[in-house]
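Asker: Sharing a structure, written as structure tokens. Questions coming.
The values are calculated or read from the model by the stated rules, or taken from the named source; none is laboratory data. In this text the structure is predicted, and so the values were computed from the model without any measurement. No Cβ is skipped: glycine too gets one built from the backbone with ideal geometry, and neighbour counts run over all protein chains shown.
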């Protein structure tokens, strides 16, 4: 019996349990001009194809008429997975500008992120295997996360509530074969990263992330982005861009990989460790800061960041560790991000200068 066949036989019971435990009865959202047959939040499609997000062969990820692609400057590390990002706006609606947080998307917006692995990273556009598609749906009073797992034939993806683990392998740019067990998050886990003042919010699509390749300027000129007349858009550097300073790259890396939790509005606010690029207080960045409740996660180290000494810094230790209760981030990786760790270690070494 296949995974999807087995899931279908149980999914009704699972859905009833999950939504009775997690949902609040509110006025259902109406997604204009989208033929979904959705009457309530719990009726979101079990199959990704029913959203009509892509045309032709779905795995080619060719956006439908109401969907457009977007990109960001610095991407969250997820076990080296590649991502393809899209937005669907309700017909006739626009996005309102915000200078620091996620842009203000209208009710009915669907943010779409596909996670995939090319068979050979030297040829990233060929032989792609899509593992999951995550949707963030702007309902009338909140954002809702839905996760879809793709089948082996790459013809369909089905909603998963409790997550899944998939074996994945690829050839890296050095020609070496890599193998991991990739984790698709459960739907409740999504909020653990997307929490903002107790509510679920998007993470990536803010102005400093979206300000790449004239993207925001194009949105403004086309009328897609409003409230941004004469605005000089902020910009987050790509942490992969070695022409930028180590400090700029490291701060960008910490913001996208850690800052969504480690900020005053995030789930790790009680740590007092705040890692957005807007943070200017070195102590709040962890410099000579003792942890509040790191427990064994400290690895016996006294401070989050010890200038010039990455081996004595909790931050570098937790980025390297794969042990539950020690590793950071807690979700989204099963292996060490070697390039990211090397960047943060270099940043810590330079802090003495």
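Asker: Kindly check whether there is at least one residue in the stretch 226-234 that is touching a helix residue (DSSP H, G or I) at 6+ places or on another chain (Cβ under 6 Å) and touching a residue at least 60 places away in the same chain (Cβ under 8 Å). Let's see the steps before the verdict.
Answerer: Our first condition is that a residue be touching a helix residue (DSSP H, G or I) at 6+ places or on another chain (Cβ under 6 Å); within the stretch 226-234, this holds for 228, 233-234.
Filter once more, so that each one left must be touching a residue at least 60 places away in the same chain (Cβ under 8 Å): 228, 234.
Among the residues of the stretch 226-234, at least one is touching a helix residue (DSSP H, G or I) at 6+ places or on another chain (Cβ under 6 Å) and touching a residue at least 60 places away in the same chain (Cβ under 8 Å), which makes the answer yes.
Asker: Here is a further query. It is to be established whether one or more residues within the stretch 247-256 are out of contact with any helix residue (DSSP H, G or I) (no Cβ under 7 Å at 6 or more places or on another chain) and part of a loop (DSSP other than H, G, I, E, B).
Answerer: No, that holds for no residue.
Asker: For the list (1) in a loop (DSSP other than H, G, I, E, B); (2) at pLDDT 95 or above, I need the number of the one condition that residue 326 fails.
Answerer: Condition (2) is where residue 326 drops out.
Asker: Something else now. Taking the options 303, 283, name whichever one is farther than 29 Å from residue 210 by Cβ and touching a helix residue (DSSP H, G or I) at 6+ places or on another chain (Cβ under 8 Å).
Answerer: Values: 283 fails: touching a helix residue (DSSP H, G or I) at 6+ places or on another chain (Cβ under 8 Å).
Result of the check over 303, 283: 303.
Asker: Now, a different point. Among the candidates 79, 71, which residue alone is assigned by TED's automatic domain parsing to the domain that holds residue 127, modelled with pLDDT of 95 or more and at positive phi?
Answerer: On the way: 71 fails: at positive phi.
Of 79, 71, the one residue that is assigned by TED's automatic domain parsing to the domain that holds residue 127, modelled with pLDDT of 95 or more and at positive phi is 79.
Asker: Mind counting the residues in the stretch 279-299 that are at pLDDT 85 or above and in a loop (DSSP other than H, G, I, E, B)?
Answerer: Within the stretch 279-299, residues that are at pLDDT 85 or above and in a loop (DSSP other than H, G, I, E, B) number 14.
Asker: Does residue 134 count as under 19 Å from residue 77 (Cβ atoms) and without any contact (Cβ under 8 Å) to a residue 40 or more places away in the chain? Let's see the steps before the verdict.
Answerer: Numbers: under 19 Å from residue 77 (Cβ atoms): yes; without any contact (Cβ under 8 Å) to a residue 40 or more places away in the chain: no.
The answer is no for residue 134.
Asker: Sort out which residues of the stretch 204-220 are surrounded by 19 or more Cβ atoms within 10 Å (Cβ to Cβ) and modelled with pLDDT under 95, and write them in order of number.
Answerer: 204
Asker: Is it fair to say residue 223 is touching a strand residue (DSSP E or B) at 6+ places or on another chain (Cβ under 8 Å), on the phi > 0 side of the Ramachandran plot and surrounded by fewer than 17 Cβ atoms within 10 Å (Cβ to Cβ)?
Answerer: So residue 223 fails the test.
Asker: Further question on the same structure: In the stretch 102-126, which residues are over 20 Å from the mean Cα position of the chain (by Cα) and not in a loop (DSSP other than H, G, I, E, B)?
Answerer: 120
Asker: Okay, next question. Can you pull out the residues in the stretch 329-353 that are in a helix (DSSP H, G or I) and out of contact with any strand residue (DSSP E or B) (no Cβ under 7 Å at 6 or more places or on another chain)? Write out each step before concluding.
Answerer: As a first pass, look at the stretch 329-353 and keep what is in a helix (DSSP H, G or I): 338-350.
Residues satisfying the conditions are 338, 339, 340, 341, 342, 343, 344, 345, 346, 347, 349, 350.
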